[in-house]
1. I'm trying to understand the selection: among the residues of region 196-218, which are of a type in the set (A, V, I, L, M, F, W, C) and either over 23 Å from residue 134 (Cα atoms) or surrounded by fewer than 15 Cβ atoms within 10 Å (Cβ to Cβ) (or both)?
2. Restricting to region 167-216, name every residue that is in a loop (DSSP other than H, G, I, E, B), touching a Leu at 6+ places or on another chain (Cβ under 8 Å) and more than 20 Å from residue 147 (Cα to Cα).
3. Check off (1) touching a strand residue (DSSP E or B) at 6+ places or on another chain (Cβ under 7 Å); (2) at pLDDT 95 or above for residue 219 and give me the number that stays unchecked.
4. Name every residue in region 122-150 that is of a type in the set (Asp, Glu) and in a strand (DSSP E or B), in order of residue number.
5. I'd like to verify a number: residues in region 40-72 that are without any contact (Cβ under 8 Å) to a residue 12 or more places away in the chain and aromatic (Phe, Trp, Tyr), how many?
6. Regarding region 85-106, can at least one residue be identified that is out of contact with any Cys (no Cβ under 9 Å at 6 or more places or on another chain), modelled with pLDDT of 95 or more, of a type in the set (A, V, I, L, M) and farther than 20 Å from residue 204 by Cβ?
7. Only residues that are surrounded by fewer than 16 Cβ atoms within 10 Å (Cβ to Cβ) and not in a helix (DSSP H, G or I): list them for region 219-237, please.
8. Sort out which residues of region 156-166 are under 16 Å from residue 48 (Cα atoms) and either in contact with a His (Cβ under 6 Å, 6 or more places away or on another chain) or assigned to a loop (DSSP other than H, G, I, E, B) (or both), and write them in order of number.
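The values are calculated or read from the model by the stated rules, or taken from the named source; none is laboratory data. Keep in mind that this is a model prediction, so the values were computed, not measured. Neighbour counts are summed over all protein chains in view; Cβ atoms, including those assigned to glycine, are modelled from backbone coordinates with ideal geometry.
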Amino acid sequence: MRLPASRGRDRPILANVQWPAVHAPAIVISRGDSGMESIAQLDALAWERQLRDAGYACIAGVDEVGRGALAGPLVAAAVVLPVIAIETLAKSAWARVRDSKTMTHQRRCEADVWIRASGASISIAEVPCEEVDAIGIAAANRLAMEQAVMGLDLASDFLLIDAMTLDLALPQIGIIDGDARCLSISAASIVAKVHRDLSMIAIDQTYPDYGFARHKGYGVAAHLRALAEHGPCPIHRQSFAPVRAVSETVGHS
């Protein structure tokens with residue numbers, strides 16, 4: 001049975017959850033396809049292997065994308081790797097799965113196709129800009145991740161999450177730089193990133209003045225110039241300062 005997401009005072013008590021003794025694996029600094037220097041883990045499945053040895057069978061990696069964007073949805077993905085990934089990492093395309101930020105767009109799309117075809121269990125959740133404005137970005141981030149976990153067709157018994165923990169009564173670990181250090185989280189980051197990028201490319205067809213297909217809603221100089229020239233559109237996050245400032249200027253003109 002899946003547990004409902006909760007926020008604020010409804011946060012579940014996790015005092016009775018049995019936590020395994022999991023040790024942070026060794027890391028090394030590497031440079032990805034995009035040229036970005038990043039943290040990489042010597043064994044990208046070390047977290048999953050330790051948890052399987054501790055008796056956990058359905059381990060979900062969870063990550064989000066779009067938190068800092070000025071427009072568009074916040075997207076989260078949860079991914080449960082197939083058992084074969086743990087057994088054949090070095091000999092398969094899983095060895096090329098890494099933090100989505102260090103990959104080119106083409107490599108991300110190729111990895112996304114591979115992950116989906118591999119037998120992994122995948123769930124994607126979106127929080128639209130209106131809800132981001134209504135509840136705030138931190139709550140929206142948590143909500144998207146919780147909904148992604150609850151949408152899995154497998155009942156997870158452990159969560160590996162990038163840099164935070166969730167309000168779900170499940171054993172979980174928040175791993176700093178988890179998208180670079182844990183294969184399950186890396187897979188989730190790729191799935192979420194590709195899904196959101198494609199959504200923003202589609203949105204660009206409706207609102208072509210802003211260049212969403214290029215910058216995906218982030219606050220780059222070209223986006224800020226278009227925002228100042230045309231004002232916010234319906235998929236801009238009105239609670240974000242650059243958008244709010246333009247709205248207030250337009251409102252007083």
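1. Taking region 196-218 as the starting set, the residues that turn out to be of a type in the set (A, V, I, L, M, F, W, C) are 198, 200-203, 212-213.
Residues satisfying the conditions are 198, 201, 202, 213.
2. Initial filter on region 167-216 (in a loop (DSSP other than H, G, I, E, B)): 167-171, 176-177, 182, 207-211, 216.
Okay, now just the ones that are also touching a Leu at 6+ places or on another chain (Cβ under 8 Å), so 168-171, 182, 210.
Answer for region 167-216, where residues must be in a loop (DSSP other than H, G, I, E, B), touching a Leu at 6+ places or on another chain (Cβ under 8 Å) and more than 20 Å from residue 147 (Cα to Cα): 182, 210.
3. Of everything listed in (1) touching a strand residue (DSSP E or B) at 6+ places or on another chain (Cβ under 7 Å); (2) at pLDDT 95 or above, residue 219 misses just condition (1).
4. Within region 122-150, the first condition is being of a type in the set (Asp, Glu), and the residues that meet it are 126, 130-131, 133, 146.
Across region 122-150, the qualifying residue is only 126.
5. 0
6. no
7. Those that are surrounded by fewer than 16 Cβ atoms within 10 Å (Cβ to Cβ) and not in a helix (DSSP H, G or I): 220, 234.
8. Residues of region 156-166 that are under 16 Å from residue 48 (Cα atoms), as a first pass: 156-162.
156, 157 - these are the residues of region 156-166 that are under 16 Å from residue 48 (Cα atoms) and either in contact with a His (Cβ under 6 Å, 6 or more places away or on another chain) or assigned to a loop (DSSP other than H, G, I, E, B) (or both).
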